[in-house]
1. Condition check: among the charged types (D, E, K, R), away from the ligand (no atom under 16 Å from the Cβ) and either surrounded by 14 or more Cβ atoms within 10 Å (Cβ to Cβ) or free of Cβ contacts under 8 Å to residues at least 24 places away in the same chain (or both). Does Glu243 satisfy that?
2. Just one of Thr366, Thr314, Thr390, Thr329 is touching a Cys at 6+ places or on another chain (Cβ under 8 Å) and either assigned by TED's automatic domain parsing to the domain that holds Lys220 or within 16 Å of the ligand (Cβ to nearest atom) (or both); which is it?
3. Of the residues Asn226, Asn212, which single one is over 20 Å from the mean Cα position of the chain (by Cα), surrounded by fewer than 18 Cβ atoms within 10 Å (Cβ to Cβ) and either over 25 Å from Ser32 (Cα atoms) or more than 16 Å from the ligand (Cβ to nearest atom) (or both)?
4. When the residues of segment 41-74 are filtered to those that are surrounded by 17 or more Cβ atoms within 10 Å (Cβ to Cβ) and polar (S, T, N, Q), which remaining residue is modelled with the lowest pLDDT?
5. Of the numbered conditions (1) within 16 Å of the ligand (Cβ to nearest atom); (2) surrounded by fewer than 21 Cβ atoms within 10 Å (Cβ to Cβ), Gly206 fails exactly one; give the number of that condition.
6. Can we say Ile308 is crowded, with 20+ Cβ neighbours inside 10 Å, more than 30 Å from Tyr188 (Cβ to Cβ) and in the same structural domain as Leu370 (by TED's automatic domain parsing)?
7. Inside segment 136-168, can you point out the residues that are touching a residue at least 40 places away in the same chain (Cβ under 8 Å), surrounded by fewer than 17 Cβ atoms within 10 Å (Cβ to Cβ) and more than 24 Å from Ser204 (Cα to Cα)?
Amino acid sequence: MRVVIVVFQDNTDIAGVKYLHAYITSKGYNSSVLILPDNEPRNINAAIDYIVRADPDVVGFSAMSYDFKRAENFAKSLKQRFYKYPFVFGGVHATADPESCLETADIAVRGEGEETFLALLEAVKKGNSGSITQISGIVLKDNNKIIHTPVRQPVVDLDALPFPGHLPDNIYVVHRAGIRSIKEKAVYKRYARYEGVFLSIATSRGCPFSCNYCSNSMYKALYGNNSVRSRSVDSVISEIKAEVGGFKNILYVNFTDDCFLMHPAGWLDEFSRSYAGEINIPFVARATPRHINRENISLLKKAGLRWIFMGLQTGSDRVNKEVYGRSATAQDFLEAAKLIREFRISPWYDVILDNPYETEEDKLMTIDVLLGAKRPFQLGIFSLDYFPGTELLRRVNAEKIPVPKLGEKSYTKFESSLINYYVRMTASLPKCLVRKLVKMRNSLLGKQLGILFYCLTLFIEPFIYVWLVFQSNDFRFIRSFKVIKSFYRRSIAKLFFRDIA
Ligand code: SF4
């Protein structure tokens, strides 16, 4: 039985879909994944032609909330040329707002999809579509009535799932109206982040926290205490060994876990020994300030931890607690940042701007906290977005606070305002200069200088990044150069409109 799953991301980091693809393939289904990275009509037509030719028994659509409109429009266009029951939506958006999917699709899968999607395929294979209403974890229309079946609890034993694979068979990208395998070197380099020098692996699913703006709050509400699960160290190391052997260009292992340091001390200890002994490639991890301590940072640094991503989000403890539902304080962040610097790990700190609940005083606190953190660091600056299914969206709706609708702005582009510019300057300009500019912010001269120095910031930032890359590679020139080249080559290629044929 043939299945096609369409994904709407513009890169090959599709871990959830790779897991699903590996799982149903291991159960004997003939699965293909099609990545449709943009809205170009010729690519949409090529994707539809591919599906018509493949004549699948089931078509799945995996979408995040910000690409849901594209997914919906594509499903509608496909329906005009090809349709077999059922069209199935899955992914974060189908979990957050399943009913919106049913305007186009027949079924929405809520939560992690492996077992639910398999149960659906088995019902279709047996020609028993009547039994679909008995499958847990879905939402569907039955005689114009919307039925929510009971929540399916997530897979507990993550080790039992097949490895998703770095470059699996039967995953394609629609590129220039052609259907290209991601195994083609040029295609992979074009669509993988950083040209594929990162090997992305998850050692767990779920996050111990439930921040009000994050989709994890929705999974927490769905699964309760079952939402956080870990793999064994053996399983993680085996997966990395299986992949690294085949791809010589991998320069970092990227642990995509929401909080890698949430693993208990015994797990981290076993991992560190195995990783240092059997893999020995620099790795990247994400953590919250409260999980960082001297013991685990020292252990993981010896094992190969070289980049750490950590969220400050705001310097205001009030906003962190009352608006974002985060328990870490500015002080927790600063202590963690101090340790990160002490162990010479390259840091990447996330900050969220454009929050209607923040006063000017709150924003100034963010600047102050960042100026208190040891440098160098890279900033990831985001504009607050309001995703379906989150507590934050419920709150702004209930309080009738006007906020941009999903898709009206990009969460990667913050508003142009002096105070936002000062936040960005905290990583690159002399601290006393940033403080001075902040003090002058209400005068005409202060505003002009703010814009001038913001331009200087944009010029300095690449040098900080280069330094952090060198530090993360223990100042080995060739390795560092390869990373920098992979990072900038895509940007330069885009700039000059050069692309693969
Ligand atoms: S800590 Fe990060 S991943 Fe976890 S809920 Fe908060 S924002 Fe989401």
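1. Numbers: among the charged types (D, E, K, R): yes; away from the ligand (no atom under 16 Å from the Cβ): yes; either surrounded by 14 or more Cβ atoms within 10 Å (Cβ to Cβ) or free of Cβ contacts under 8 Å to residues at least 24 places away in the same chain (or both): yes.
In short, yes.
2. Only one candidate passes the filter, namely Thr390.
3. Asn226 is the lone residue from the list that is over 20 Å from the mean Cα position of the chain (by Cα), surrounded by fewer than 18 Cβ atoms within 10 Å (Cβ to Cβ) and either over 25 Å from Ser32 (Cα atoms) or more than 16 Å from the ligand (Cβ to nearest atom) (or both).
4. Out of the qualifying residues, it is Ser65.
5. Single failed check for Gly206: (2).
6. Working: crowded, with 20+ Cβ neighbours inside 10 Å: yes; more than 30 Å from Tyr188 (Cβ to Cβ): no; in the same structural domain as Leu370 (by TED's automatic domain parsing): yes.
In short, no.
7. Ile146, His148, listed by residue number.
The rows are residues; the columns are (1) among the small types (Gly, Ala, Ser); (2) outside the structural domain of Ala119 (by TED's automatic domain parsing); (3) outside any helix (DSSP H, G or I); (4) touching a Pro at 6+ places or on another chain (Cβ under 9 Å).
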site: Gln9; (1), (2), (3), (4): no, no, yes, yes
site: Val17; (1), (2), (3), (4): no, no, no, yes
site: His21; (1), (2), (3), (4): no, no, no, yes
site: Asn39; (1), (2), (3), (4): no, no, yes, no
site: Val52; (1), (2), (3), (4): no, no, no, no
site: Phe61; (1), (2), (3), (4): no, no, yes, no
site: Gln80; (1), (2), (3), (4): no, no, no, no
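The values are calculated or read from the model by the stated rules, or taken from the named source; none is laboratory data. Owing to the predicted nature of the structure, the values given are computational and were not obtained by experimental measurement. Cβ atoms come from the backbone with ideal geometry, glycine included; neighbour counts cover every protein chain shown.
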